[in-house]
Amino acid sequence: MESQEAKAHQLLGLLELHEESQEFLIPVDFESLGIPTYPTIIKNPMDLGTIKKRLKSHHYTKTQDFIADIQLVWDNCKKFNEAGTEIYQQAVFLEKQTRRYCAKLRLPMLNSNKNSSKNETGAEDMKNVSFEEKWKMTEAVRKVKHDVLEKIVDVVKEKSPDSMEILEKDKIKIKLDVITRETFNILQEIVEGEREEGLPQKRPKKA
């Protein structure tokens, strides 16, 4: 990055001055925090401490890659945490500060959420799904057995990971407005298959 390297160090220093940045200075210790699903949801973890080490070791050859890693810290936090939580709001605040500092230092700021086009496609597909269908799906998922629920979660993780949020230690929220229509159809098949298995077998009529 050469001439931009000093600006990169300055940006990191400014972010570290904020009290809200303390949660983002080291990697997320998901084991001690009791959130074992973190590495499943967050495929590319990042933190400011790791970025600082990379910067000092001249890991970055492009300014855009350095900025992308900073943005990844905020995006990961917003993806894993519920919007109303304090940690989510801290990420939003720091993302705004990052943009402000980048403008001041004349560093390129990337758009957040690289998968936005993918999300928009999924949302577009789901516009054709009625509210009644979504409601029925929500009610059906609440009633399925644990093993079926695990199957549903696995499908969403694979097909539409951006639609999943961790609410608490053992609770997961699936945003039906974000998943793709393909994923929704698969979930319908799983739920309907479970419903059919639960129906009592009809006795053959006596001749």
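Which residue, of Asn76, Asn81, Asn44, is touching a helix residue (DSSP H, G or I) at 6+ places or on another chain (Cβ under 9 Å), touching a residue at least 24 places away in the same chain (Cβ under 8 Å), loosely packed, with under 13 Cβ neighbours inside 10 Å and outside the structural domain of Val156 (by TED's automatic domain parsing)?
Asn44
Could you go through region 114-128 and let me know if any residue there is touching a helix residue (DSSP H, G or I) at 6+ places or on another chain (Cβ under 8 Å) and at pLDDT 80 or above.
Within region 114-128 (the criterion being touching a helix residue (DSSP H, G or I) at 6+ places or on another chain (Cβ under 8 Å) and at pLDDT 80 or above), the answer is no, since none of the residues qualifies.
Scan region 1-42 for residues that are touching an Asp or Glu at 6+ places or on another chain (Cβ under 8 Å) and outside any helix (DSSP H, G or I) and report the count.
Number satisfying all stated conditions: 4.
Of everything in region 10-39 that's loosely packed, with under 15 Cβ neighbours inside 10 Å and touching a residue at least 40 places away in the same chain (Cβ under 8 Å), which residue is nearest to Asn81 (Cα to Cα)?
Looking at residues that are loosely packed, with under 15 Cβ neighbours inside 10 Å and touching a residue at least 40 places away in the same chain (Cβ under 8 Å), I get Gly34.
The values are calculated or read from the model by the stated rules, or taken from the named source; none is laboratory data. What you see is a predicted model; the values in this text were computed from it and never measured. Every residue, glycine as well, gets a Cβ built from its backbone with ideal geometry; the counts of neighbours run over all protein chains shown.
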